[in-house]
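Q: Attaching a single structure in structure tokens format; questions to follow.
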There are 2 protein chains.
Amino acid sequence: MPAPDTTSLAEALRPAVLRLARHLRREAQRVGISEVDWQLLSIIYRRPGIGVSELADMEMIRRPTMSAHVKRLEAAGWIERQPSACGDQRRVGLALTAAGRAALASIRDSRTGWLRDRLAALDPDARDAIAAALPAIAALVEVQP
Amino acid sequence: MPAPDTTSLAEALRPAVLRLARHLRREAQRVGISEVDWQLLSIIYRRPGIGVSELADMEMIRRPTMSAHVKRLEAAGWIERQPSACGDQRRVGLALTAAGRAALASIRDSRTGWLRDRLAALDPDARDAIAAALPAIAALVEVQP
DNA sequence: CTTGCATAGTTAGAGAGCCTAACTAAATAC
DNA sequence: GTATTTAGTTAGGCTCTCTAACTATGCAAG
């Protein structure tokens, strides 16, 4: 292939990504909400009435896993299950509670955080390189046949 | 684009990284050895006699966590503790066993894997973008004040 | 309308991976 | 010779993820 050796690229990318993920998790714990929870609250905020399976598909996580997340968020009082809008009794419609909206807003403020500071500390060139690579990184995990 | 907003860059990078990490972990499980274990075996192979604390520092995880990893790798028969080379009775010197070397070799072969295929499926430009961003991503998690 | 399959979601059980707090034991410093 | 530092372990807990097996609803075809 004309491209750089994909094997070595993979071998270099793998540890870098996992190490960064480790730090992000640590940081999230410091802030008090996990990345997954934050992400889910954001999605439910944007798409009230969404169901468990749809969420699972969006995040590419198995349904029982997502079911547990939803249960936890509900127990925390951040989301609630509404009767299915479309009449399908199997589906649940998820929506933020007032507390959930408040949590989302307050977290958004307090979430400036570690990653932003680290990014800000980089050379502008390095930051641009990351920005340029983001679509490609996202494409790696895109669903496909 | 000269100085992309670091906050939005952080908000975009975070989910991308965590999602990719999720996939990598899943894939590692399919292959039969976790990324952490593979990484540790590689490091110990390159630096026999290394200690638990050094490993923990290199991977930027806490010592008890690393202690547990080491214990597990030892139980699997992949590494062994040698009497400290330098006479310091507190330190352990870790080294691969014959089985560990064999495992490393066999895994290296069977590890062509998901990530490499995904990278290979990208446009060359996208791959180049990731390669260009790698140093910056690594720098994000570099130790420093 | 019943039989049978598909879909939405849950429960149960497991395992990886990370953490902090508190400990032992050896080295070092005063 | 006590006091501090360093290497490593133990204990206990949390989060995130998975698979397998289940319930209950919807739907379609005979």
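Q: At 1.4 Å probe size, with every protein chain present, just tell me what the per residue accessible area of the protein assembly as shown comes to in Å².
A: With all protein chains present, the protein assembly as shown gives 53 Å² per residue.
Q: A further question follows. Contact order normalised by length for the range A:38-145, with contacts defined as Cα pairs under 8 Å and 6 or more residues apart; what percent is it?
A: After rounding, I find 24 percent.
Q: Something else now. Can you list the residues in the range A:117-136 whose accessible area drops by at least 20 Å² when all protein chains are present, compared with the chain alone? Use a 1.4 Å probe, heavy atoms only.
A: By number: A:R118, A:L119, A:L122, A:R127, A:D128, A:A129, A:I130, A:A131, A:A133, A:L134, A:A136.
Q: Within 10 Å of each candidate Cβ there may be at most 14 other Cβ atoms; applying that plus a DSSP loop requirement, which trypsin sites (Lys or Arg not before Pro) in the range A:1-101 survive?
A: When the trypsin sites (Lys or Arg not before Pro) of the range A:1-101 are filtered for loop state and at most 14 Cβ neighbours within 10 Å, A:R62, A:R90 remain.
Q: Same structure, new question: Once you put a point 7 Å from the Cα of A:E54 and another 7 Å from the Cα of A:D88, both along the Cβ direction, what distance in nm separates them?
A: Spacing of the two 7 Å Cα→Cβ label points: 0.9 nm.
Q: Considering the options A:A129, A:Y45, A:V17, tell which one lies farthest towards the positive end of the dipole of chain A, charges being +1 on Lys and Arg and -1 on Asp and Glu at the Cβ, about the Cα centre.
A: A:Y45
Q: Can I ask one more? Which of the peptides A:120-126, B:123-129 is most tightly packed, and how do the rest follow, going by the mean number of other Cβ atoms within 10 Å of each residue?
A: Order by mean packing, descending: B:123-129, A:120-126.
Q: In debye, nearest 20, what is the charge dipole magnitude of chain A about its Cα centre with +1 on Lys and Arg Cβ and -1 on Asp and Glu Cβ, if you could check?
A: 580
Q: Using a probe of 1.4 angstrom, how much of the accessible area of chain B is carbon and sulfur, in percent?
A: Carbon and sulfur: 55 percent of the exposed surface of chain B.
Q: How big is the dipole moment of the protein assembly as shown about its Cα centre under a simple scheme where the beta carbon of each Lys and Arg is +1, that of each Asp and Glu is -1, and everything else is neutral? Debye, nearest 20, please.
A: Using only the charged Cβ atoms, the result is roughly 1080 debye.
Q: With a 1.4 Å probe on protein heavy atoms only, work out how much accessible surface B and A bury together, total over both chains, in Å² to the nearest 100.
A: Using a 1.4 Å probe, the pair buries roughly 5600 Å².
Q: Measure out, as a whole number of angstrom, how far apart the alpha-carbon centroids of the range A:70-145 and the range B:4-53 sit.
A: When both Cα centres are located, 21 Å separates them.
Q: Further, regarding this structure: First measure r as the distance between the Cβ atoms of A:E142 and B:S34, then evaluate 1/(1 + (r/R0)^6) with R0 = 22 Å and state the FRET efficiency to the nearest 0.05.
A: So, using R0 = 22 Å, E works out to roughly 0.35.
The values are calculated or read from the model by the stated rules, or taken from the named source; none is laboratory data. Keep in mind it's a predicted model, so treat the numbers as computed, not measured. Using ideal geometry, Cβ is built from the backbone for each residue, glycine included, and neighbour counts are taken over all protein chains shown. Just so you know, the surface numbers come from the protein's heavy atoms only, side chains and all, with ligands and any DNA or RNA stripped out. Shrake-Rupley method; radii C 1.70, N 1.55, O 1.52, S 1.80 Å.
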